[in-house]
Amino acid sequence: MQSNKSTSLMVKEKFLTVIFGTIIGFINGIFGGGGGMVVVPVLHYLLKKPLKVSHATAILIILPISLASAIVYLINGYFDFSTFLPTGIGVIIGGILGAVLLSKFKNDWLAYLFSGVMLIAGIYAGFF
């Protein structure tokens with residue numbers, strides 16, 4: 001049987017997970033993506049999940065968020081069907097390649113790569 005302290009920590013973690021999930025969903029909804037850039041650090045640094053588990057879990061977490069956001073965008077007329085299929089094909093190919101390569105990276109290199117991509121995206125967003 002678990003102690004009250006252990007149960008209390010589990011409840012706190014679940015509560016924080018819901019709070020972080022809400023924030024991540026908001027970020028994804030308002031920007032049309034980018035939630036994964038927040039999910040990975042939250043899972044790894046705040047919820048203490050292994051780095052590769054954090055990356056893999058982020059993909060599964062983003063799927064329903066992206067579907068929900070896409071439906072809202074579609075209803076409001078913000079969906080460009082002419083780019084959907086070619087971009088979708090590229091995303092599927094890239095997603096498969098990325099998932100396969102994830103197992104090849106050491107955790108420290110994965111962290112550097114992820115940080116570098118986030119840094120480049122931030123610089124690009126800030127100046128271009």
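What follows draws every value from the coordinates through simple rules; no lab data is involved. These figures come from a predicted structure and were not determined experimentally. Here the Cβ is made from the backbone with ideal geometry for all residues, glycine too, and neighbour counts use every protein chain on show.
Worth pointing out:
- Between 0 and 90 degrees, the angle of helix 51-75 with respect to the longest Cα principal axis of the chain falls at about 50 degrees.
- Degrees separating the helix 81-102 axis from the principal Cα axis of the chain, which is the longest one: 40
- Potential lengthening between residue 6 and residue 127 on full extension [0.36 nm per residue; Cα-Cα distance subtracted]: 38.9 nm
- Under 5 Å, built H, 5+ apart or other chain: amide partners of residue 105: none
- Summing Cβ point charges (Lys, Arg +1; Asp, Glu -1) relative to the Cα centre of the chain gives a dipole of roughly 520 debye.
- Charge tally for residue 113 (other residues, Cβ to Cβ under 14 Å; Lys, Arg +1; Asp, Glu -1): +2.
- Taking the C-alpha atoms only, the angle from helix 107-127 to the longest principal axis of the chain is near 50 degrees.
- Taking packing as the residue-averaged number of other Cβ atoms within 10 angstrom, the listed peptides 57-67, 109-119 run from highest to lowest as 57-67, 109-119.
- Bridgeable lysines around residue 14 (alpha carbons under 21 Å apart, same-chain partners fewer than 8 residues away excluded): 5, 48, 49, 52.
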